[in-house]
Amino acid sequence: MSQLSPDFWTKPFAHRGLHDRNAGIEENSFASFRAAIDAGYGIELDVQLAADGEAIVFHDSVLDRLTDTTGSVSSFSAAQLSTLRLKIGGEPLQTLSEVLGLIDGATPVLVEIKDQSGDFSETSGALEARVAEVMARYRGPAAVMSFNPHMIETMWRIAPATPRGLVAAPHYWGDVSPERTRRLADLADLDRCHAAFVSYEWRGLDRPAVRRAALQGHELICWTIQSAADAESVAGACRQITFEGFRP
């Protein structure tokens with residue numbers, strides 16, 4: 001397994017950057033990443049696939065919630081997406097390469113590769129390939145992770161030196177069968193991903209599958225802590241947290 005840099009254990013990770021809509025700072029924006037760096041936190045961010053194969057830093061598969069444009073991210077090219085503006089803050093959508101250029105090794109980065117299949121099954125590999133290409137040029141502490149084990153297995157095959165993690169939760173959403181939900185929740189595909197760490201929903205840290213992963217040597221991160229009380233409740237159950245809505 002490709003291990004995480006020791007830097008990952010020195011500071012908690014701001015979920016989608018240190019965003020604050022009341023302060024005009026949108027999630028996954030340059031402003032949110034600068035704020036996280038200035039406050040001394042690590043950064044968690046998300047990437048989606050553009051129509052031309054570029055990796056775009058954006059959480060949702062569709063544009064409607066965060067921009068004034070409708071439609072899927074994957075139906076627009078990176079050049080077209082760069083002309084759109086976030087409703088809060090007015091920033092353009094950025095590529096992963098641009099965002100990593102901004103961060104430039106200042107703090108550890110967790111890059112979540114968003115599922116492109118709709119049910120956490122096999123994908124074309126296009127997003128993984130572009131993420132691997134960008135990450136190969138980046139020299140700061142960074143790792144990739146995904147809810148989709150197929151995508152993390154692909155990353156192991158094409159970029160084995162890049163640290164990898166599997167994101168999971170007790171429950172899933174969308175068009176996911178009960179059988180697949182059980183496999184995902186129980187980390188059944190963890191070994192074939194060759195993942196160094198697991199990022200699990202914080203309420204599920206006591207599940208047997210999570211405990212088993214820790215005993216097998218996988219580091220544990222949890223998501224997404226939203227209060228100091230919740231952070232205190234997971235102390236000792238995982239090595240690092242991802243947070244939002246407060247400052248730990």
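A compact table of results
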item: Near pairs, Cβ below 7 angstrom, 6+ apart or cross-chain, from the range 83-104 (without any contact (Cβ under 8 Å) to a residue 24 or more places away in the chain) to any residue that is of a type in the set (D, E, K, R) and assigned to a loop (DSSP other than H, G, I, E, B); result: Arg85/Glu91
item: Residues located in the range 1-25, provided they are over 26 Å from Arg157 (Cα atoms), among the aliphatic types (A, V, I, L, M) and touching a residue at least 12 places away in the same chain (Cβ under 8 Å); result: Ala14, Leu18, Ile25
item: Residue that is touching a strand residue (DSSP E or B) at 6+ places or on another chain (Cβ under 7 Å), farther than 14 Å from Leu110 by Cα and among the acidic types (Asp, Glu), where the choices are Glu201, Glu153, Glu179, Glu232; result: Glu201
item: Candidate set: the range 191-228, residues that are charged (D, E, K, R) and part of a helix (DSSP H, G or I); chosen: the one farthest from Arg157 (Cα to Cα); result: Arg203
item: Residue count for the range 37-78, restricted to those that are without any contact (Cβ under 8 Å) to a residue 24 or more places away in the chain, over 19 Å from Thr123 (Cα atoms) and touching an Asp or Glu at 6+ places or on another chain (Cβ under 9 Å); result: 2
item: Strands (runs of 3 or more DSSP E) within the range 1-70 that include 3 or more residues touching a helix residue (DSSP H, G or I) at 6+ places or on another chain (Cβ under 6 Å); result: 42-49, 55-57
item: Qualifying residue in the range 71-86 (condition: surrounded by fewer than 19 Cβ atoms within 10 Å (Cβ to Cβ), over 18 Å from the mean Cα position of the chain (by Cα) and among the β-branched types (Val, Ile, Thr)); result: yes
item: Test: residue in the range 237-247 that is of a type in the set (S, T, N, Q), assigned to a strand (DSSP E or B) and either without any contact (Cβ under 8 Å) to a residue 24 or more places away in the chain or surrounded by 14 or more Cβ atoms within 10 Å (Cβ to Cβ) (or both); result: yes
item: Test for Glu179: is it acidic (Asp, Glu), in a helix (DSSP H, G or I) and surrounded by 17 or more Cβ atoms within 10 Å (Cβ to Cβ); result: no
item: Residue in the range 201-224 that is acidic (Asp, Glu), surrounded by fewer than 18 Cβ atoms within 10 Å (Cβ to Cβ) and in contact (Cβ under 8 Å) with a residue 40 or more places away in the chain present; result: no
item: Residue match in the range 24-40 (condition: surrounded by 22 or more Cβ atoms within 10 Å (Cβ to Cβ), among the acidic types (Asp, Glu) and within 13 Å of the chain's Cα centre (by Cα)); result: yes
item: Count - residues of the range 43-68 that are surrounded by 15 or more Cβ atoms within 10 Å (Cβ to Cβ) and either over 23 Å from Met135 (Cβ atoms) or of a type in the set (Phe, Trp, Tyr) (or both); result: 5
item: Enumeration of residues in the range 134-157 that are in contact with a helix residue (DSSP H, G or I) (Cβ under 6 Å, 6 or more places away or on another chain), within 29 Å of Arg180 (Cα to Cα) and either among the acidic types (Asp, Glu) or in a helix (DSSP H, G or I) (or both); result: Pro149, Met151, Ile152, Glu153, Thr154, Met155
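Any read-out appearing in this document is the output of simple, stated calculations on the displayed coordinates, not a laboratory observation. Nothing here was measured: the structure is a model prediction, and the numbers come from that model. Counting neighbours? That spans all protein chains shown, and the Cβs are built from the backbone with ideal geometry, glycine included.
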